[in-house]
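The values are calculated or read from the model by the stated rules, or taken from the named source; none is laboratory data. Predicted model only: the values in this text are computed from it and were never measured. For neighbour counting, all protein chains shown are included, and Cβ atoms are generated from backbone atoms with ideal geometry for every residue, glycine included.
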Amino acid sequence: MKTPKYLVPNDYMADPAVHVFNGKLYIYPSHDRESGIPENDNGDHFDMKDYHVFSMEDVENGEATDHGVILDVKDIPWAGRQLWDCDVAHKNGKYYLYFPLKDKNDVFHIGVAISNKPEGPFIPQPDPIRGSYSIDPCILEENGEYFMYFGGLWGGQLQHYRNNKALECAAFPADDEPAIPSRVVKLSDDMLQFAEESRPVVILDKNGKALTAGDGERRFFEASWIHKYNGKYYFSYSTGDTHLLCYAIGDNPYGPFVYQGVILTPVIGWTTHHAIVEFKGKWYLFHHDSVPSGGITWLRSLKVVELEYNSDGTIKMIL
Ligand code: FUB
């Protein structure tokens, strides 16, 4: 499938997290809506209130089946506002939905909700994960252990933290200093807490130097995703204000990762966000753009296109 196809033509869905459970593909997107809130750099206009899940049996020829609402902000005891990009993991017959949400003080944390089925519904825990902050959780399973990658700048609030401590004031490094990295942390056995302090996801250039804050076309901004290919770990992400999807390769879940290049050039709409998954022998890039809404930043539509690798393991750029 060389031509991208839209998956949910009758609603606005974005930020796909995609997994294969029980032989089917499950897509967990953000559910965009018109909130009437003016657009700003804080992302207040992304005021999402629930999640749906979609399943597919055949990406090439099939449709995405909507299983309806799986979690609603009104059912989350600690909720303030804004359900952003989520992810789901499966362990011992249970499904764990990890979601970022602002609390009643407008601070993002990451919560967990549990279901017996990938289709939900998911029941939220009474409190967010202890010590969690920022946005865009993404989960890697590795030999029965689970790792969460998370973080996002600007509206995602990552610039308010250093080494897992909240700063009195948000701070960005100088252009020649190392960029603010996303974070990775092992989850506890019960999947409900962090098992350790989160660590930085360091992205190096080919000379072994950490990417700098001024390197806007390569440094991390938001939208972490991790997948394995031929025994290597591919960490992919959005560069935010330069609108690229990039990737870096590492030898273990903690990194460091070495920057490789661009996966997807800018789409219509400010944000770019994705998932990469193998299904029935092919690799796919799930992402979104704002073409169907006429370019409205906060009304995005889900897409999928086939992703291909070169023989050296690098990814072919999608234009
Ligand atoms: O959907 C809200 C935010 O927009 C996500 O959390 C970011 O990754 C960006 O896609």
Just to be sure I understand, how many residues within region 128-160 are surrounded by fewer than 21 Cβ atoms within 10 Å (Cβ to Cβ), in a loop (DSSP other than H, G, I, E, B) and either within 16 Å of the ligand (Cβ to nearest atom) or polar (S, T, N, Q) (or both)? 1
Qualifying residue in region 198-211 (condition: within 16 Å of the ligand (Cβ to nearest atom) and closer than 21 Å to N163 by Cα): yes
Residue count, region 65-98 (criterion: in contact with a His (Cβ under 9 Å, 6 or more places away or on another chain) and either modelled with pLDDT under 95 or under 23 Å from Y133 (Cβ atoms) (or both)): 7
Give, as residue ranges, the strands (runs of 3 or more DSSP E) completely inside region 180-230 that count at least 1 residues that are over 17 Å from the mean Cα position of the chain (by Cα) and not charged (D, E, K, R). 222-229
Residues of region 1-27 being within 15 Å of the ligand (Cβ to nearest atom) and not hydrophobic (A, V, I, L, M, F, W, C), which ones? D11, Y12, D15, P16
For region 28-38, give me each residue that is among the charged types (D, E, K, R) and more than 12 Å from the ligand (Cβ to nearest atom). E34
Every residue from region 99-127 that is aliphatic (A, V, I, L, M) and assigned to a loop (DSSP other than H, G, I, E, B): V107
Can you find, within region 39-86, the residue that is farthest from the ligand (Cβ to nearest atom) among those that are touching a helix residue (DSSP H, G or I) at 6+ places or on another chain (Cβ under 7 Å) and part of a loop (DSSP other than H, G, I, E, B)? A79
Residue check: is F122 under 19 Å from E197 (Cβ atoms), modelled with pLDDT of 95 or more, buried (at least 18 other Cβ atoms within 10 Å of the Cβ) and away from the ligand (no atom under 16 Å from the Cβ)? no
Using the structure shown, decide if R218 is surrounded by 13 or more Cβ atoms within 10 Å (Cβ to Cβ), under 25 Å from Y309 (Cα atoms) and away from the ligand (no atom under 16 Å from the Cβ). yes
Any residue that is of a type outside the set (D, E, K, R) and under 24 Å from E39 (Cα atoms) - is there at least one of those in region 114-127? no
Restricting to region 165-179, what's the tally of residues that are part of a loop (DSSP other than H, G, I, E, B) and exposed (fewer than 12 other Cβ atoms within 10 Å of the Cβ)? 7
Every residue in region 34-66 that is surrounded by 17 or more Cβ atoms within 10 Å (Cβ to Cβ) and more than 21 Å from N105 (Cα to Cα), please. Y51, H52, V53, F54, S55, M56, V59, A64
